[in-house]
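Read-outs throughout are calculated quantities, based only on the coordinates presented, and are distinct from any laboratory measurement. Predicted, not measured: the structure shown is a model, and the values here were computed from it. Cβ: placed from backbone, ideal geometry, glycine included. Neighbour counts: every protein chain shown.
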Amino acid sequence: MAATVDPPRTQTPTPASAPDEPGLERAAEQAESRRGFLIGLPSLLYLVVLFALPLVIVVVYSFATRSRTGRTILADWNLSSYARLFDPLVLEIGLRSLWLALLTTVISLVVGYPFAYYLATRSPRVRGVLLVLVMIPFWSNFLIRTYAWRVILGRDGPFVRFLEPILGTEGQLLFTPFAVVVGLVYGYLPFMILPLYATLERLDFSLVEAARDLHATGWQAFWRVTWPLSRPGVVAGSILVFIPSFGAYVTPEILGGGRTTMIGSYVVRQFLSARDWPFGSALSVAILAVMLVAAVVYFRTRDREA
Amino acid sequence: MDDHQLAGTLDAGPLAAKTPVLDTVTTEVAAVSGIEVDAPLPAVRLQGVTKRFPGGRNHDPVVAVDDLDLDIRDGEFFSLLGPSGCGKTTTLRMIAGFEYPSAGSLQIFGQEVGLEPPNKRPVNTVFQSYALFPHMTVAKNIAFGLEMQQLPVDEIDRRVAEVIELVQLQGREGRRPKQLSGGQQQRVALARALVNHPKVLLLDEPLGALDLKLRQAMQLELKRIQEQVGITFVYVTHDQEEALTMSDRIAVMDGGRLLQVGDPEEIYDRPRTRFVADFIGDTNLLIAEVLDADTARLYDGTVVRVPTGAPAGSTVTLAVRPEKLGLWHADAERDLRLDALTGTIRRVTFLGNAINYEVVAGERAPVELVVRQGNTPGIEHFADGERVRVRWLPGSVAVLED
Ligand SMILES: Nc1ncnc2c1ncn2[C@@H]1O[C@H](COP(=O)(O)OP(=O)(O)OP(=O)(O)O)[C@@H](O)[C@H]1O
Ligand SMILES: [Mg+2]
């Protein structure tokens, strides 16, 4: 009987491109990821060779030994360089760097936030002009600009003269922590302003209107709506200012003088004058660890917002 | 939506309690401003309100709202209706306090508020884009206004729970706005405004982002909620159908000006201007020559009985809705109570629930009319090219002012 015969399987034709064919789907996905890998390959190579490799060398050196003459002996691996991180002098420099970097970050935030807010609420034309103004300092060399601050803050500069009644005739601003913080804020303020501007520019200001409509005063609307919603920008800007401030070399070197050494200058000194590469490397690894913590804080916050 | 399970969920107490206080204000203010003393104080009164925006370089300022006079009554569902760019949102934003009027006076229950900041006004807004706080839960969003007014925590909790029930969001208190559908977000926006028991609730096209079915369901629900809480709703829409179904009264705007205010029937049946007649529903516009105070003549010679209000010999525009016209065979008996016009069917369009007939009368200056007949059982159908007589009750024709 015809009814008892199973229809042959081939009678249900499947188009070649059927999306429910698992093998084809997987092949397509693999091709996709292969393409992605090929596109990323150049930058991957670049990062491995030019970024990861030096880092590995630094880590390796930090466990090496320094010879009497200042040569690095790649043997006798030990932790003595790390132990020296806890010297009172090193700790003092480290804490000072931490403190100055934090101060720089807070001041940049306090100065940068209102400006970024102002920027974000202007018409597109005004925004363009103001953004260019923020960028202009980048068009000249950082070192030269820092030397300019030396003139401004120097003995005969306008600040010292203006503040003479307070500072006295012997007063000075240059080569003090104050000068370093001024220089750092000056140098890194754009890194605070730009991410803040990016978040505030995307902020839906009808939310602020809604808060005002719901009986919030201007301040309440700011603290309850604008500020929490601009947190990602605050965190990004703070990290971008904190990290380079903490490891700063040029600014404390030029504006800080001998009494305001920061960790960056101290590292450089290990490599150049003290010729103690293992200790310099250990210091660098320690700085790296601090920055890593900062970065983790950043990504944590960002993920929580999302 | 099941209406029964919602009945009486919102405590009308705080709202009702405010009324007596207002009544005394009514008479005082009314006496000062010289307006009829007996009339109850309007919820919102706009007098000569104008809003000009700077027009940018080398441009004249944009007049978004032009010398608006408007009274919105206490407790009514009032719609601002008009095409895009006619100034509806600007008017609403001035009432809310997001824009300050360039000229004129704006009062809420007799109190001049034109220059008060939004947080000091007894109104709340439902935004078109909802503007829910993305970093707060549904409950926190709703509680926001009450927290800002520093109400005791247990009262906040009670009122939030109450309004969540009113808009049927039970069980979603802990969610973030992003985790809700468009319709649910809409309800949160509504609840967040209503929980403050505003004297006036402002809504800017609150259903604009919803699809048709949900939109219709929400129309009914909004109307139900409005009736239940008794708050004055000022509702902005460009959808004439929505305005007709929901409103107690409608203000039609165009180009920043107010064209007509009235209840839906008035607006629909007796439009005063060509724009209103055309914007709301379908309409036949006919040019006629005035014969005397009660009659006018169409180009084809048909005499129409209308209160012309214009000198003999001048021309007026008449408006009549397609569904107010009846269709008969040309040789049908004359009915003297009805006006009539004889013409030829030029096109028949089947609409499902109705049939549209385009009728042309006269030769040199033809009069064209659309007649709509309900597709009801037993009704006679006509064919293309048939001679017909179109008849109507004299009262169904409106004379336009322009
Ligand atoms: N901030 C502003 N600056 C300049 N012009 C504005 C501003 N706000 C509104 N306008 C102009 O005012 C007029 C009225 O705008 P409004 O937003 O009130 O219209 P609307 O009736 O709400 O329209 P729609 O239905 O499209 O929302 C428009 O011509 C608009 O371009
Ligand atoms: Mg609008």
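Here are the numbers:
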read-out	value
Segment B:40-50 - phi-based ³J(HN,Hα) in whole Hz, Karplus 6.51/-1.76/1.60, Gly and Pro as x	x, 5, x, 4, 10, 10, 10, 10, x, 6, 10
Bins of 10 Å from zero: percent of alpha-carbon pairs in chain B	4, 19, 24, 21, 16, 11, 4, 0
Expected 222 nm ellipticity per residue - DSSP helices of 4 or more, -39500 (n - 2.57), all of chain B, to 500	-8000 deg cm²/dmol
Segment B:249-340: proportion of alpha-carbon pairs further apart than 17 angstrom, %	59 percent
Rounded, prolate or oblate (a/c below 1.5 giving rounded, otherwise prolate when a/b exceeds b/c) for segment B:270-324 by Cα gyration tensor	prolate
Neighbour-count ranking [beta-carbon atoms within 10 angstrom, fewest first] of B:389, B:215, A:259	A:259, B:215, B:389
For segment B:247-260, 3J(HN,Hα) per residue [Karplus equation, 6.51 cos²θ - 1.76 cosθ + 1.60, θ = phi - 60°, Hz, x = Gly/Pro]	8, 7, 9, 10, 10, 9, 10, 8, x, x, 10, 8, 9, 7
Helix-only [θ]222 nm of chain A, DSSP H runs n ≥ 4, -39500 (n - 2.57) each, per residue, nearest 500	-21500 deg cm²/dmol
Distance (nanometres) between label positions extended 7 Å along Cα→Cβ at residue B:211 and residue A:126	4.3 nm
Amide H within-cut-off set for residue B:51, under 5 Å, with H built and near neighbours excluded	B:64, B:65, B:66, B:67, B:102
Listed pairs B:120/B:178; B:140/B:178; B:178/B:223 exceeding 22 Å between Cα atoms	B:120/B:178; B:178/B:223
Which of B:291, A:196 has the fewest Cβ neighbours within 10 Å, and the rest in rising order	B:291, A:196
Residue A:55/residue A:98 FRET efficiency (R0 25 Å; Cβ-Cβ; nearest 0.05)	0.70
Space enclosed by the convex hull of the alpha-carbon atoms of the protein assembly as shown, per residue, Å³	364 Å³
Förster radius 60 Å - calculated FRET efficiency between residue B:181 and residue A:162, Cβ distance, rounded to 0.05	0.45
Number of partner chain Cβ atoms within 10 Å, mean per residue of B:124-135	5
Between 0 and 90°, nearest 10: helix B:153-166 axis offset from chain B longest Cα axis	30 degrees
Among B:282, B:60, B:248, residue whose mean-square fluctuation peaks in a GNM of chain B (springs only between Cα atoms under 10 Å)	B:60
Qualifying lysines (Cα of each under 19 Å from Cα of residue B:88; at least 8 residues distant if same chain)	B:51
Label-point separation in nm, residue B:257 to residue B:120, each point 7 Å along Cα→Cβ	3.5 nm
Two-decimal ratio, chain A, of alpha-carbon radius of gyration to 2.2 N^0.38 Å	1.47
Peptide A:215-224, shielding by other chains (average Cβ, 10 Å cutoff)	4
Part-to-part distance (alpha-carbon centres) for segment B:52-98 and segment A:261-292, which is given in Å	65 Å
Relative exposure of A:38, B:325, judged by other C-beta atoms within 10 Å (fewest first)	A:38, B:325
Under Karplus coefficients 6.51, -1.76 and 1.60, residue-wise ³J(HN,Hα) of segment B:312-319 in Hz, glycine/proline x	4, x, 7, 9, 10, 9, 10, 10
Highest-fluctuation residue, B:190, B:318, B:212 considered, GNM on chain B with Cα pairs under 10 Å	B:212
Residue among B:88, B:324, B:120 with the largest mean-square fluctuation in a Gaussian network model of chain B, springs linking Cα atoms under 10 Å	B:120
Cα centroid separation - segment A:55-103 against segment B:258-292, whole Å	88 Å
